[in-house]
């Protein structure tokens, strides 16, 4: 049997205080200096070295971190990285008070180590060999594990031998043309929701409406398109999954479901388990797809394991290798790799283990047949349902790869984000950072670097050896790429000593931005500067002409190389074997992306000194953070980014559903879909677009209220911090605080975190706590006394039903930033009416975090004495809205908390 506790010292630090537990389990509260002296002399048990170190003011804190032990023993398993979360994962009683945590940690460590004695420990394979490597890295846990982990009877297979290989399969056939029977769709929805579920007429109506996108298309380039608004609580996910699954079964087709964030992709994947209850069938039929940069690169991992990493980074590599053997799909960002694991290693994060831009060598990689990215791509080609994000869906539509037939039916959930996703996807940026990436892709990195990252010539060595035309094109591209910025370009710009045509262009851009775009307040703010690309000075016009010549000189050989590679594939020579063919295919794909980029750069450079294009907004910018410049260059965005979505994404599809809870701009007539058609791009289709709306079933008059505090002056940070503190205390936690500026968030957090912790109310914050956003939300969801501060990502991407989220506090009206791009769109779309649409959408999304179930109750507090009445239509009809002084707002929040506790007591007390 495992001991009840390990005889090791432990430390726990929070905003309340610091506690040390000695080897006998005696706990005492200590000061920061005494704690730092103790942990510096003897390794202590702790939970989360980065967070504990932040609380101590000791960034380099190390010790026996229970999270590292958990990641070693249970790779690819979920656990909330808090004492209560670890207790729940281990089946232990949780510590009830902060002063009990230090004594709990040795008990948790003993419980974890006990699995080493369990013959049924499911993650045993590979553990012994990983431990040997971790011992060489002097991992603190190794001496405690070694005596209890015997060598296996036969040698474990090395990770790269254990991973399965993907197999090529024939392309999926085009779906059959079918017409769905609404009665069959309704019956399937009933089965999905369950026999005992309450019938929701709105969900049934929504499912019948969604059936329309699966009807055969009537005209080329005119999909069957439905723009549907489904209020929160309708159950829109099952509402569109029911007709989608019915169509898949009848037509043998595939459906692409696109959403906005990785967290929402995970939620959708869980919902599809109802379609495919068998786990194996679900893995085959439902595939979550993300960009390449999200996945573990096995060649990067092999480099790290064989000496490419040292110190703490080498420990991370070993723990990631343990995870790689058990992961579902190799997704490191938002997948089953614990989000807190890379954060434990601070500067030695996991980004060096993912697939970075331009680095993949495709079939030249010894792990190509086991590659997570390639496996995901091929699995998606055979899947019934592909769950992607908006950005990837647009990328694949704009730059399709060879392969099976694409999904003919597209469902865009969280469709109100299509505009923002398209704005990023179809933008052009000729900046130093973008240019140096292309230089490295062609020439390879400068200075000391791993040998395999040697540039285009190395990746296409066989083409250069056997094909004279290909070799000439490669060498011409390398010579032309020398004009692109190289390492140290920022320093040369600061010293006014640019080298090469593109650096001279960037120097001219920088000079014009500082001359025209820097008013005294903005120049000293430490944030980015910008100015319109209008009436450029002669220096910029001359530099742009030279830069255009340099870009064209690079584009010509790349296009010639692309044509040569196409010819090799169409008429393969004898030396082009299977692996060389795969390398050429990979090069063709990445080459096409760079050619598109360079072509867009030429168009943007042609604008300098030339006429403006009414479809685009062009400007110059110097990007800065905390006063430090990190990029500069020229930018181009579509004035209406939904237009290329309609042309490139919608038109080739047979059917498209765009849906969200907040598609229409409130404040208009119920049948006014003009805002939705603008934001989704539906107005750019010639016909075939229908609209459908179903309101939320929630009783907002009973379940919610909006409280507008009338006495918090804008810019009064002490008053703002005091308001947040009082409101969170009154609510007893469960608060989501939303900010429009990171600086104000940090100031408020610094002022109130200790005070709230002393009241037993933990406070976490984006941009403060060294944890990723997904982990912060997990912690928030798991603890009804915790509160969370954040920015836009939390306003739109948090799904926390129940008691854990009962109060939303916004620091003020979320006015749009007055950028050049915003000013242009504002002028084109109705002036202040455009601003109002943007603001109402943001407020509606924030309010939507509150009520997620029929038994939820929530309060929304706006700390803005001058909140415009015209924006009140952002809230659902019937929602009580009260303008009150802060004291009265706090009293109402406190009264609601008292009622909540009474209801909870009544629900759980014996009858």
Segment 700-908: projected area of the alpha-carbon convex hull, averaged over directions, in nm²: 11.7 nm²
Distance between segment 548-586 and segment 41-61 - C-alpha centres, whole angstrom: 53 Å
Mean-position separation - Cα centroids, segment 247-314 and segment 690-746, in angstrom: 34 Å
Mean residue ellipticity (222 nm) of the chain, computed from DSSP H runs ≥ 4 via -39,500 (n - 2.57), nearest 500: -13500 deg cm²/dmol
Pairwise FRET efficiency - residue 496 versus residue 220, Cβ, R0 = 56 Å, nearest 0.05: 0.50
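So for segment 700-908, averaging the separation of alpha carbon pairs under 8 Å that are six or more residues apart and normalising by length, what relative contact order in percent results?
After rounding, I find 36 percent.
Based on the mean of other Cβ atoms within 10 Å per residue, sort peptides 131-144, 756-769 so the most packed one is first.
Numbers: 131-144: 16.5, 756-769: 19.4.
Ranking the peptides 131-144, 756-769 by packing returns 756-769, 131-144.
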Relative contact order %, segment 428-638, counting alpha carbon pairs below 8 Å whose residues are six or more apart: 29 percent
7, 864, 787 arranged by Cβ crowding within 10 Å, fewest neighbours leading: 7, 864, 787
FRET efficiency for residue 482 and residue 351, using Cβ-Cβ distance with R0 set to 41 Å, rounded to 0.05: 0.90
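Just to be sure I understand: of the beta bridges DSSP finds with both ends in the chain, what percent are antiparallel, rounded to 5?
Numbers: 29 of 83 bridges.
Bridges in the chain that DSSP calls antiparallel: roughly 35 percent.
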Protection proxy ranking, peptides 847-858, 25-36, 649-660, average beta carbon neighbours within 10 Å, highest first: 649-660, 847-858, 25-36
Euclidean distance of C-alpha centroids, segment 126-185 and segment 783-802, integer Å: 32 Å
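By how many nm would the segment from residue 714 to residue 647 grow when fully extended, if each residue of separation counts as 0.36 nm and the alpha-carbon distance is taken off? Provide the component values of the computation, followed by the final result.
Working: separation 67, 0.36 × 67 = 24.12 nm, distance 4.35 nm.
Once the chain is fully extended between residue 714 and residue 647, it gains 19.8 nm.
Shape of segment 428-638 from its Cα gyration tensor (a ≥ b ≥ c, root eigenvalues): rounded if a/c is under 1.5, otherwise prolate when a/b > b/c, or oblate?
Details: a/c = 2.63, a/b = 1.97, b/c = 1.33.
Taking the square roots of the gyration eigenvalues as a ≥ b ≥ c, segment 428-638 is prolate.
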Likely footprinting exposure, 698, 780, fewest C-beta neighbours within 10 Å first: 698, 780
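What relative contact order, as a whole-number percentage, does the chain give when Cα pairs under 8 Å and 6 or more residues apart are counted? Can you show the working numbers first?
Numbers: 1566 pairs, mean separation 124.4, N = 911.
For the chain, the relative contact order is 14 percent.
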Options [x] 114, 63, 49; [y] 123, 80, 56; [z] 81, 71, 66 - which one matches Cα extents along the principal axes in Å as calculated here: [z]
Likely footprinting exposure, 145, 502, fewest C-beta neighbours within 10 Å first: 145, 502
Spin-label pair residue 136/residue 853, simplified geometry with 7 Å Cα→Cβ offset, distance in nm: 5.1 nm
By average C-beta atoms within 10 angstrom, highest first, the peptides 285-298, 624-637: 285-298, 624-637
Cα→Cβ-extended label distance, 7 Å offset, between residue 60 and residue 887, nm: 5.2 nm
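All of the numbers you see were taken from the coordinates with simple rules; none came from a lab. Keep in mind it's a predicted model, so treat the numbers as computed, not measured. Cβ coordinates were reconstructed from backbone atoms using ideal geometry, including for glycine residues, and neighbour counts include every protein chain displayed.
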